[in-house]
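For reference, the structure is listed below as structure tokens.
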Amino acid sequence: MIVTYAGCQALDVTGPVEVLDTANRLLGDPESGYQIEFVSPAAPLVRTCSGVVIAADPLEAGLGPIDTLLVPGGWGLHDTLADRGLVTWIGRAAGRSRRVTSVCGGSFLLAEAGLLGGRRATTHWAYTDDLARRYPEVTVESDSIFVWDGPYVTSAGVSTGIDMTLALVEEDHGAAFTLELARFLVLFFRRHGGESQVSSILDAQLADSSPIRGAQEWIMDNLDRPVSVSQIAEHANMSARNFARVFRREVGITPGQYVERMRIAQARKLLETTDLPIRQVARRCGFTAPETFFRRFGRALEVTPSEYRHRFQSSGLVPEPAPAG
């Protein structure tokens with residue numbers, strides 16, 4: 001059941017809905033699928049902050065047991081927090097729900113309803129400080145894309161609602177089906193909850209200044225061998241100290257962190273698209289010691305390289321090794 005309100009974010013609603021609807025179509029079994037319902041204090045027609053209009057039933061229609069309750073964020077959140085009727089309804093509905101979830105600023109409504117006290121939660125990176133300040137009883141994890149604490153799952157900004165919903169589907173229907181679902185939705189990969197809100201895709205964006213942008217390109221061309229900050233700085237025609245300072249200012253992380261994230265991103269690509277032995281994957285990504293690769297890959301993704309590859313193989317994303325002989 002999805003709670004909507006005037007000024008909510010359309011993608012906070014439609015992202016999870018499309019995941020669930022596509023899951024229904026792939027499952028092909030009404031008994032194991034999801035019944036998607038919308039309720040709102042602004043029923044029957046709810047205008048989102050972008051102008052998209054959603055048809056919804058009044059809150060009174062949302063009686064009885066609820067499997068998964070989802071609360072979105074949006075630019076209308078400030079006024080909605082003052083709607084005591086809606087906040088009270090969310091608190092009571094949570095007691096009838098197997099799972100309670102939020103996207104972006106929806107975690108503010110959960111906290112306002114008294115549901116997140118003593119729990120871990122997240123929200124959009126721009127508002128994590130506000131969430132922590134307004135609700136000090138909540139342990140705010142500012143960098144996770146979604147946080148699962150008991151029956152409560154809170155996700156960060158907009159698109160992370162899709163990642164969160166895929167995790168819900170995985171709990172219900174298993175990893176193999178969920179990876180096939182992600183593939184059907186043309187998602188390059190499924191992100192786990194502990195992944196940074198600043199994803200590897202954002203990290204890969206090129207800096208504005210030519211020296212730093214050139215250094216990033218050089219890093220990508222030399223991921224298969226060890227590189228030091230002084231080598232990268234030399235390529236940018238800068239001192240190592242000045243290069244590290246400027247790089248962090250423009251990219252947001254240190255050169256060393258950037259190199260490691262790009263190595264992990266390249267390793268993921270090789271694990272997803274080739275049948276290279278894992279030790280060879282490690283060498284191609286500049287990890288001279290396989291043990292270092294295993295440790296850093298596991299720290300970044302919370303799975304081993306073998307487990308990561310197996311999950312993608314089970315969905316057909318990685319070709320099976322050719323038979324010997």
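The values are calculated or read from the model by the stated rules, or taken from the named source; none is laboratory data. Bear in mind that the values here come from a model prediction, so they are computed numbers and not experimental data. All Cβ positions, even for glycine, are placed from backbone atoms using ideal geometry, and neighbour counts span all protein chains on display. Heavy atoms of the whole protein, side chains included, go into the accessibility calculation; ligands, DNA and RNA do not. Shrake-Rupley method; radii C 1.70, N 1.55, O 1.52, S 1.80 Å.
Quick notes
- Pairs, first under 12 Å from V259 (Cβ atoms) in the stretch 207-226, second surrounded by fewer than 16 Cβ atoms within 10 Å (Cβ to Cβ) and modelled with pLDDT of 85 or more, C-beta under 7 Å, six or more apart: P226/T288
- Residue count for the stretch 267-296, restricted to those that are open to solvent by less than 50 Å² (accessible area, probe 1.4 Å), more than 14 Å from L223 (Cβ to Cβ) and either in contact (Cβ under 8 Å) with a residue 24 or more places away in the chain or in contact with a strand residue (DSSP E or B) (Cβ under 7 Å, 6 or more places away or on another chain) (or both): 4
- Residue within the stretch 12-30 that is under 24 Å from the mean Cα position of the chain (by Cα), surrounded by 14 or more Cβ atoms within 10 Å (Cβ to Cβ) and assigned to a loop (DSSP other than H, G, I, E, B) present: no
- Criterion (touching a Gly at 6+ places or on another chain (Cβ under 9 Å) and modelled with pLDDT under 85) met by exactly one of L317, L301: L301
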